[in-house]
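The structure under discussion appears below in the form of structure tokens.
The values are calculated or read from the model by the stated rules, or taken from the named source; none is laboratory data. All values derive from a computational prediction rather than experimental measurement. Glycine also receives a Cβ, built like all others from the backbone with ideal geometry; neighbour counts cover every protein chain displayed. Protein only, heavy atoms only, side chains kept; ligands, DNA and RNA dropped before computing areas. Shrake-Rupley method; radii C 1.70, N 1.55, O 1.52, S 1.80 Å.
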Amino acid sequence: MASQRAMAVVGAGHAGGRAALQLRAQGWTGPIVVFGEEPDLPYERPALSKGLLTGEQSADQLMLAQAEGYAGQGITVRLGTAVTRIDTAARQVHTAAGEALDYEALLLATGGRARRLAIPGADQAGVQALRTLADARALQARLQPGQRLLIVGGGFIGLEVAASARARGCEVTLVEGGVRLMGRAVPAPIAERVAALHRAHGVDLRLRAAPESIAALNGRLHVRLLDGDLIVVDTVVVGIGIEPGVQLAREAGLRVGHGVCVDRHLRTSDPHVFAAGDVAECPSVLSGLPLRQETWQNAERQAAVAAANMLGGQTVYDTLPWFWSDQYDHTLQVAGEPALAATEVQRTLGEGAVLHFYLDSDGRVVGASGYGPARDVTKELKLARTLVERLARPQAAALQDPNVKLKSLLTA
């Protein structure tokens, strides 16, 4: 490896790949080395459960850059390479192959691993998660017309896979242990609309239900639920969240909470080590409380901020949370931090579309969520997000009244 100290990135996902490209774009002329355990170059994840499964997008379309793009910028991407230890005192990264790299600054973009079911038979062939491009390729091959699919988990990944599988002609059952879909991520009225949409598209949706065991018999997977029901399927997809990749950070003596703890500059408890993306637990822009986000925007924006600060900058990560989910021809979005609300206001748009605004005790719009047919609600969702970004203080009655244009409230 190069003897000159390099900018090192551990994790070749979206955040890691974007940070490497940003380091070069922002003026670093020395070595940049990215370590990734996967065999694929850095890619964006949203399409894994949508366009890639349905065949509307290819793997190449997900890539941040092709191999020649990294090589042309002098960025070394070490795929299939596990980092086993970080020596913060010596500022060295050590790999499973016994190599060591001296770093000037280090970015942890280690993301996370899909949680596994802790039940008998969870390791059977045909039981899989959807976290990586390899997972998506394997699942896409199984989504053939008439195939039976059981999805465990009623979060965004599970629901998006359900929509994609129905588009491919699969029979789909989805079980969720909670009383409604998407937990506390969206308000109950939106969760109910999403449930109705999936049932209208033929998904056998079961709430307060969870698997107890899985057995392989005659080429099928026999899934016994806690209530005694038996479901026979070809494939089981487990969508119950991720475990943040904090092990390297913890073993290196860095501060760890629900993720790798960073300040507003994305700097860890070591001044030469930063973290970004799914693994980073950063102070909330609104409350200052620790917040870890698993979103496209978070990976994209934090990568740029981390790169700037690895180069000696003092850029603050001040982007408000925002994420979206596309299911069938409907879209769902959440912006800001609804949990900080003292008041909630609903705005009904018609055609099944609805917006929810969340106001704090000072009347500021600290969050918004919305759902409906994409053709009808996309513009309104963009305006709602802008209200959150500006922390606007409109009258609650105006937010509720669909006859009052949201654009007119941007200066409130």
Filtered residues of region 1-33 (kept if at pLDDT 95 or above and among the polar types (S, T, N, Q)): Gln22, Gln26, Thr29
Search result, residues across region 198-238 that are under 18 Å from Ala162 (Cβ atoms) and hydroxyl-bearing (Ser, Thr, Tyr): Thr235
Unique match (being basic (Lys, Arg), open to solvent by 50 Å² or more (accessible area, probe 1.4 Å), under 30 Å from Glu160 (Cα atoms) and within 27 Å of the chain's Cα centre (by Cα)) among Arg78, Arg85, Arg45: Arg45
Subset of region 363-404 [assigned to a loop (DSSP other than H, G, I, E, B), out of contact with any strand residue (DSSP E or B) (no Cβ under 6 Å at 6 or more places or on another chain) and closer than 24 Å to Leu286 by Cβ]: Gly363, Arg364, Arg390, Leu391, Arg393, Pro394, Gln395
Residues being crowded, with 18+ Cβ neighbours inside 10 Å, polar (S, T, N, Q) and assigned to a helix (DSSP H, G or I) - total across region 266-309: 3
Some residue of region 20-36 being closer than 25 Å to Leu254 by Cα, part of a loop (DSSP other than H, G, I, E, B) and of a type outside the set (S, T, N, Q): yes
Hey, Thr411 modelled with pLDDT under 95, within 27 Å of Gly154 (Cβ to Cβ), among the β-branched types (Val, Ile, Thr) and open to solvent by 20 Å² or more (accessible area, probe 1.4 Å) or not: no
Subset of region 329-342 [outside any helix (DSSP H, G or I) and either touching a Pro at 6+ places or on another chain (Cβ under 9 Å) or among the β-branched types (Val, Ile, Thr) (or both)]: Asp329, His330, Thr331, Val334, Ala335, Gly336, Glu337
Inter-residue pairs, beta-carbon under 7 Å, first at positive phi and in region 262-284, second among the aromatic types (Phe, Trp, Tyr), 6+ apart: Leu266/Phe274; Leu266/Tyr317
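If you scan region 373-399, which residues turn out to be of a type in the set (S, T, N, Q) and open to solvent by less than 100 Å² (accessible area, probe 1.4 Å)?
Going through region 373-399, the residues of a type in the set (S, T, N, Q) turn out to be 378, 386, 395.
Passing the criteria: Thr378, Thr386.
May I ask you to verify whether Leu101 is in a strand (DSSP E or B), in contact with a strand residue (DSSP E or B) (Cβ under 7 Å, 6 or more places away or on another chain) and buried (at least 17 other Cβ atoms within 10 Å of the Cβ)?
Working: in a strand (DSSP E or B): yes; in contact with a strand residue (DSSP E or B) (Cβ under 7 Å, 6 or more places away or on another chain): yes; buried (at least 17 other Cβ atoms within 10 Å of the Cβ): yes.
Yes, satisfied.
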Of the criteria (1) over 15 Å from Val10 (Cα atoms); (2) of a type in the set (Val, Ile, Thr); (3) in contact with an Asp or Glu (Cβ under 7 Å, 6 or more places away or on another chain), which one Val260 fails: (1)
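Enumerate the strands (runs of 3 or more DSSP E) found wholly within region 128-246, keeping only those where 1 or more residues are touching a strand residue (DSSP E or B) at 6+ places or on another chain (Cβ under 9 Å), more than 30 Å from Ala109 (Cβ to Cβ) and open to solvent by 50 Å² or more (accessible area, probe 1.4 Å).
Working: elements: 148-152, 171-176, 204-207, 211-217, 220-225, 230-233, 235-238, 242-244.
Those strands (runs of 3 or more DSSP E) span 148-152, 171-176, 204-207, 211-217, 220-225, 230-233.
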Members of region 22-42 found to be open to solvent by 20 Å² or more (accessible area, probe 1.4 Å) and farther than 22 Å from Gly245 by Cα, listed by number: Gln22, Arg24, Ala25, Gln26, Gly27, Trp28, Thr29, Pro31
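Part of a loop (DSSP other than H, G, I, E, B), among the small types (Gly, Ala, Ser) and in contact (Cβ under 8 Å) with a residue 60 or more places away in the chain, is that true of Gly312? Lay out the reasoning, then the answer.
Numbers: part of a loop (DSSP other than H, G, I, E, B): yes; among the small types (Gly, Ala, Ser): yes; in contact (Cβ under 8 Å) with a residue 60 or more places away in the chain: no.
When the stated conditions are applied, Gly312 does not pass them.
Within region 348-362, take every residue that is assigned to a strand (DSSP E or B) and among the small types (Gly, Ala, Ser) and give me the one that is most open to solvent (accessible area, probe 1.4 Å). Steps first, please.
Initial filter on region 348-362 (assigned to a strand (DSSP E or B)): 348-350, 353-359.
After this cut, where a residue has to be among the small types (Gly, Ala, Ser) as well, the list is 350, 353.
Values: Gly350: 31, Ala353: 2 Å².
Applying the filter and picking the extreme gives Gly350.
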One residue from Thr348, Thr315 being at pLDDT below 95 and among the hydroxyl-bearing types (Ser, Thr, Tyr): Thr348
Residue check, Ala12 small (Gly, Ala, Ser), under 27 Å from the mean Cα position of the chain (by Cα) and crowded, with 22+ Cβ neighbours inside 10 Å: yes
All positions within region 310-330 that are open to solvent by less than 20 Å² (accessible area, probe 1.4 Å), in contact with a strand residue (DSSP E or B) (Cβ under 6 Å, 6 or more places away or on another chain) and under 27 Å from Arg166 (Cα atoms): Ser325
Val345, sole failed condition from (1) open to solvent by 20 Å² or more (accessible area, probe 1.4 Å); (2) among the aliphatic types (A, V, I, L, M); (3) in a strand (DSSP E or B): (1)
